[in-house]
Amino acid sequence: MNDKSRWVKRFGMAALTLAVGVVGVQDAQAAVLVEFDAAAAGAGVVPSDVGWTGFGTSMINNGTFLLQDNTGNDPDTESGEYLSPSAGAGAMSRTSGQYGIEFKAQPFTDVPFLGFSHYANAYVFWSDDEFAFNVTLDLDTDDAGAGTTGGIKFGQNSMADAVTGIDWSVPHTIFIGYDSALETFNFYVDDVFANSLTYGAFSRTPGFPFAQNAVDFGDGTTGQGIDVAAAWYFVKVHDVNAPGSTPLVGDLDGDGFVGINDLNIVLGAWNQNVPPADPAADPSGDGFVGIDDLNTVLGNWNAGTPPAAGAAVPEPATLTLLGLAGVTALRRRKA
């Protein structure tokens, strides 16, 4: 066994010893990674004024919501949208962590389904480190005319129903949370769970020319002589996968429990910069895998629910004896 391997093993023992003795675990507050809130920004301020990239026709901030109204020049078609700054490298990842796309909106017009496309309705679009995703706010799900209930569609051209039965005569808050442990997207309407879709069913093709770890909202040109109108109150990216939740600090693999797997993520990338190391190993977000990241895991050791019921938990006394040798080795190494 080489010196590095021996040191890492001893370091792990010491880490486990410290972890077992941790008490008073606390959850950190959930963070909004990137957002635009029309009311908070103030009347007249649009996303492109605060770092977002605008395309096409600008919306109007009336102090309550962004008014998107491209219907004044029919039958010509217009479009307008905004792309957010990055939510942070690795913030939206398929294999680790969790995130949520939240928006409050109200569509005012509808583009009827013609058998091949629904993409021209008001939409929200985002991308993780591998795939892109989109949803469309559908004013009339069955396209039977005014008065029918609407919903949310998804897919390559937003043709499949994700949620139905939404009354879009009033605005609603939609939260779409990604759970990396199950690889599912969970839909909430006004904080009430509505549906779940698997990652594979929801994803678009990889390599789509869209900024990673970012969100985009607006509308697309229809090619049908129909322009859309909508109210956008806010669009946000969260570091949690359910509305009102808080992240489980130290849960680096997203399995809902802080344990040996999370410790191994940190130790496996110890003393490395991020990138190239896995961003999951750097919960402190300082771009380097070190003592701050280790403390994040140890400070929340055994928090959450173990992934397997009845899983064995190391005896504190045993770990203490093993860990003392590890701590001693660390001190000698430092000297």
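Numbers for the structure displayed
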item: Burial ranking of peptide ranges 285-294, 93-102, 39-48 (average Cβ count within 10 Å, highest at the top); result: 93-102, 285-294, 39-48
item: Inter-label distance, nm, simple model (7 Å from Cα along the C-beta direction), T64/I291; result: 5.4 nm
item: Pair E130, Q272: separation of 7 Å Cα→Cβ label points (nm); result: 1.8 nm
item: Residues H172, H238, sorted so that the one with the fewest Cβ neighbours within 10 Å comes first; result: H172, H238
item: Ascending count of other beta-carbon atoms within 10 Å, so fewest first, for T64, T57, T141; result: T64, T57, T141
item: Estimated distance in nm for a label pair at E183 and T205, the labels positioned 7 Å out from Cα along Cα-to-Cβ; result: 2.0 nm
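Every number here is computed from the coordinates shown, using simple stated rules; none is lab data. This is a predicted model, so every value here is computed, not measured. Virtual Cβ from ideal backbone geometry, glycine too; neighbours counted across all protein chains shown.
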